[in-house]
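Written out below as structure tokens is the structure these notes cover.
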Amino acid sequence: MKGWIVKEPFKLEKEEMIRKNASPEGLIKVKVTKSLLTLSDVLGFNGENAVKGVALGSFGTGIISETQPNLLGLESGRHVYISPYKPCAVCHNCQNDDFGKCSDMKIAGTDYDGFLRDFVDTEPGSLFPLPESVSDLEALFIDYVSLAVSIIDKLHIEKGDYVSVVGANFFGIILSQILIYYQAVPILCAQHKENFDIAKKSGVYYVLGENDNWQKEVLSITGGRMTKHVVYMSDSDIPIVKAFSLASYGARLVYTGISGKNSAFSFNQAIKKQLNIVCINSGYDNTETAINLIANDAIDISRFNIKSFPDEKAAEVLNEMNQALSEKGFATETMIEMK
Ligand SMILES: [Zn+2]
């Protein structure tokens, strides 16, 4: 089993990986076919986030190569999505089998080996068979969809509700598409022209650009009420006060993101408006719902123009993503084909 590991900042090496379980009894062996590199991997690669000698690769799909008997849907040769979450198994909620509410959820590519590797040995519960109508590329965005579903659940969004989505990275665009699917009205705020254009072409009606006065536009769209739901993308470099400014008094604000990027900000405006701030970073319980939503065409990622490279190019790709991050302020997700 081989994987791409960050040895030191900007140094990625392919290494033989030590099998953590001496005997893989009860585990299923999956040949990883595709992995998605995200901002999280860039921050692991450039040293901003400490990754503890684990293989990078936030999300992955594969084909089952060795299985256990009598597992319906997990037969050898099945195309699967591999969950990027491992509950800690020791916290109070894990002890009570409420794994979705684990207070120390482990994330692939950060806390344990991600999917930039040839094989994964995993529990059957971490594997989700993919319907034929879900492509590999769409499957790599399952977690964006499941996180979007978690957010919609938490906000108690109803038909016709306006939702300010602050940050038009791919997660912000996918969340907006899912909001539209549930008949809510997202107002997506884009910091970068490139993402503004992609959002517009991806079916989001209200997209505000970098030169718009977001507060004024939201005021006008909502007839002066502002929005009682605001979602702030922690992966964006947008000051959070801009998100606070779009909220109505007592609104719910979700602080979320894919990367676990650190930020510091003042809560003054949030306190004045008595906002309810909720943090959501996992779609753990919604993976099956997300697969069904994708199979029902709830998202359209065709305009993302995701590029694809063989795994030997992973370091090169991460260097380029890192350069884009420092020059443009964002890095675009890239697919890696695993040999
Ligand atoms: Zn736990």
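The values are calculated or read from the model by the stated rules, or taken from the named source; none is laboratory data. Since the model is a prediction, treat every value here as computed from it, not as a measurement. Neighbour counts are summed over all protein chains in view; Cβ atoms, including those assigned to glycine, are modelled from backbone coordinates with ideal geometry.
Considering only residues in region 154-174 that are among the aliphatic types (A, V, I, L, M) and out of contact with any Leu (no Cβ under 8 Å at 6 or more places or on another chain), the one that is modelled with the highest pLDDT turns out to be Ile174. The helices (runs of 4 or more DSSP H) falling completely within region 153-221 that include 3 or more residues that are crowded, with 18+ Cβ neighbours inside 10 Å and under 19 Å from the mean Cα position of the chain (by Cα) map to 170-181, 193-201.
Scanning region 99-124 for residues that are outside any helix (DSSP H, G or I), farther than 21 Å from Asn49 by Cβ and within 16 Å of the ligand (Cβ to nearest atom) yields one hit, Glu123.
Please list, ordered by first then second residue, the pairs with beta carbon atoms under 9 Å, 6 or more apart or interchain, first in region 148-159 and on the phi > 0 side of the Ramachandran plot, second charged (D, E, K, R). Close Cβ pairs (under 9 Å, with a partner that is charged (D, E, K, R)) amount to His156/Arg252.
Among the residues making up region 33-54, those that are modelled with pLDDT of 95 or more and more than 23 Å from Gly167 (Cβ to Cβ) are Thr33, Lys34, Ser35.
Of Lys242, Lys273, all but one fail to be of a type in the set (Lys, Arg) and closer than 26 Å to His192 by Cβ; the exception is Lys242. If you check Asn49, Asn70, Asn96 for being within 16 Å of the ligand (Cβ to nearest atom) and out of contact with any strand residue (DSSP E or B) (no Cβ under 8 Å at 6 or more places or on another chain), only one passes: Asn96. The conditions of being modelled with pLDDT of 95 or more, assigned to a loop (DSSP other than H, G, I, E, B) and not small (Gly, Ala, Ser) are not met by Ile291.
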